[in-house]
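Trainee: First the structure, which I've put down as structure tokens, then a few questions once you've had a look.
Here, each number is a calculation from the coordinates, and none is a lab measurement. Just so it is clear, the structure is predicted and the values come from calculations on it, not from any experiment. Backbone-built Cβ (ideal geometry, glycine too); neighbour counts: all protein chains shown.
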Amino acid sequence: MGLLPLLGLSFPAVALCPTVDQATSIEEVVARVEIEGLQYIFVGERHGNGPVKRFAVDLANALMERNYDVGLYVEGFRTDCSPRDERCLCLASAFNRPAFLSLLEQSQAPVHPIDPPERDRRAARMAARIAEGPESIRIVLVGLSHVLYAGDPEGRVWTYGGAMQYPDPGDVAEAFPRDKCLLFGLETDKTAVAPYHLHQSGNGTDYLLVTRGTGDY
């Protein structure tokens, strides 16, 4: 059996709305978190993409520098083994271990694994791990399918290159009060300014992170 079926993975193959001209910044996101008293920030990722991990760390560190109590919750790491255990069969080791290790090294916030070893009720188990976290602000780096269209019954996300519809888009993010959450989508663009830039979104997320399609952190 190949690694992907064993891990029970699905990959978003999503065409988000075209990037709009309303560029924003981490500083503006931090200001919004402060003003609105937000608690949960969901960053939809593709596990092989490096810059999205860097963005999650940069945002966590920016909030830490403002003296917020922040935790970084990562689907790439399994809950039943150490993130640095090379023997552990996890998303990080399957896709982009160097970028995930850079995340561990660069984050000033504590990093918490959320990927359960059990394959049943996977989204619910991840949501429970996040809900149990002690920090006042929790940044969650999780597959894009688990973030897009949270709570929107009309939202559609296709996986495996468009071959299969994901049954419940946003199934992790929608477990939390929408007015306490920020949702980040992801779009790759070979002309993107390295390592990433941010835009206001509105197509199933609050913001759109645009990166190059690279594994480099």
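Trainee: Using only helices, what value at 222 nm comes out for the chain when you add -39,500 (n - 2.57) per DSSP H run of length 4 or more and divide by the total residues, to the nearest 500 deg cm²/dmol? Let's see the in-between values first.
Mentor: Numbers: 6 runs with 56 residues, N = 217.
Roughly -7500 deg cm²/dmol at 222 nm, from the helical runs in the chain.
Trainee: Among Phe184, Ala56, Ser82, pick out the residue whose Cα is farthest towards the positive end of the charge dipole of the chain, where Lys and Arg carry +1 and Asp and Glu carry -1 on C-beta, about the Cα centre.
Mentor: So the residue furthest toward the plus end is Ser82.
Trainee: Given the chain, what percent of its DSSP beta bridges are antiparallel, to the nearest 5? Walk me through the intermediate numbers first.
Mentor: Details: 10 of 34 bridges.
So the antiparallel bridges in the chain amount to around 30 percent.
Trainee: Between Arg46, Arg129, Arg87, where does the largest GNM mean-square fluctuation fall for the chain, given springs only between Cα atoms within less than 10 Å?
Mentor: Of Arg46, Arg129, Arg87, the most mobile in the Gaussian network model is Arg87.
Trainee: How do the peptides 184-194, 49-59 rank, highest first, by the average count of neighbouring beta carbon atoms within 10 Å per residue? Don't jump to the answer; show the numbers that get you there.
Mentor: On the way: 184-194: 16.2, 49-59: 24.0.
Result, highest mean first: 49-59, 184-194.
Trainee: At Ser25 and Lys190, where each label point lies 7 Å from the Cα along Cα→Cβ, what is the point-to-point distance in nanometres?
Mentor: 3.1 nm
Trainee: Could you derive backbone 3J(HN,Hα) for the range 65-74 from the dihedral phi with the Karplus parameters 6.51, -1.76 and 1.60 (θ = phi - 60°), listing whole Hz in sequence and x where the residue is Gly or Pro?
Mentor: 5, 8, 6, 8, 8, 10, x, 10, 10, 10
Trainee: Here's a follow-up. For the range 135-147, what does the Karplus curve 6.51 cos²θ - 1.76 cosθ + 1.60, with θ = phi - 60°, yield as ³J(HN,Hα) per residue in whole Hz, taken in order and with x for Gly and Pro?
Mentor: Values per residue, Gly and Pro as x: 6, 6, 10, 10, 9, 10, 9, 9, x, 4, 4, 7, 10 Hz.
Trainee: What list of ³J(HN,Hα) values in whole Hz, one per residue of the range 120-132 in order, does the Karplus curve 6.51 cos²θ - 1.76 cosθ + 1.60 (θ = phi - 60°) give from phi, with Gly and Pro shown as x?
Mentor: Per residue, the Karplus-derived 3J(HN,Hα) values read 7, 6, 4, 4, 5, 5, 5, 4, 5, 4, 5, 4, 6 Hz.
Trainee: With a Cα-only, solvent-free Debye model of the chain, what are the log10 I(q)/I(0) values at q = 0.09, 0.14 Å⁻¹?
Mentor: Per q value, in the given order, log10 I(q)/I(0) is -0.31, -0.79.
Trainee: Testing the spin-label approximation: label points 7 Å from Cα along Cα→Cβ at Asn61 and Gln165. State their distance in nm.
Mentor: Once both label points are built, they end up 4.2 nm from each other.
Trainee: Now a separate question. Can you work out the FRET efficiency for the pair Leu101 and Asp80, with r the C-beta to C-beta distance and R0 = 25 Å, to the nearest 0.05? Don't jump to the answer; show the numbers that get you there.
Mentor: Working: r = 19 Å, r/R0 = 0.75.
The computed FRET efficiency comes out at 0.85.
Trainee: Between the range 107-130 and the range 159-198, what is the separation of their alpha carbon centroids in Å?
Mentor: One Cα centre to the other: 17 Å.
Trainee: Let me ask another. Residues with amide H under 5 Å of Thr79's amide H, sequence separation 5 or more or different chain, H placed in the peptide plane at 1.01 Å from N; which?
Mentor: Counting only residues 5 or more places away or on other chains, the set is Asp115.
Trainee: With each label point set 7 Å from Cα along the Cα-Cβ vector, what nm distance links Arg178 and Asp69?
Mentor: My value for the distance between the label points is 2.9 nm.
Trainee: Sticking with this structure for a sec: On full extension of the chain, what length is gained from Glu34 through Leu89, given 0.36 nm per residue of separation minus the C-alpha to C-alpha distance? Display every interim value, and only then the final one.
Mentor: Details: separation 55, 0.36 × 55 = 19.80 nm, distance 3.75 nm.
Between Glu34 and Leu89, full extension yields 16.1 nm more.
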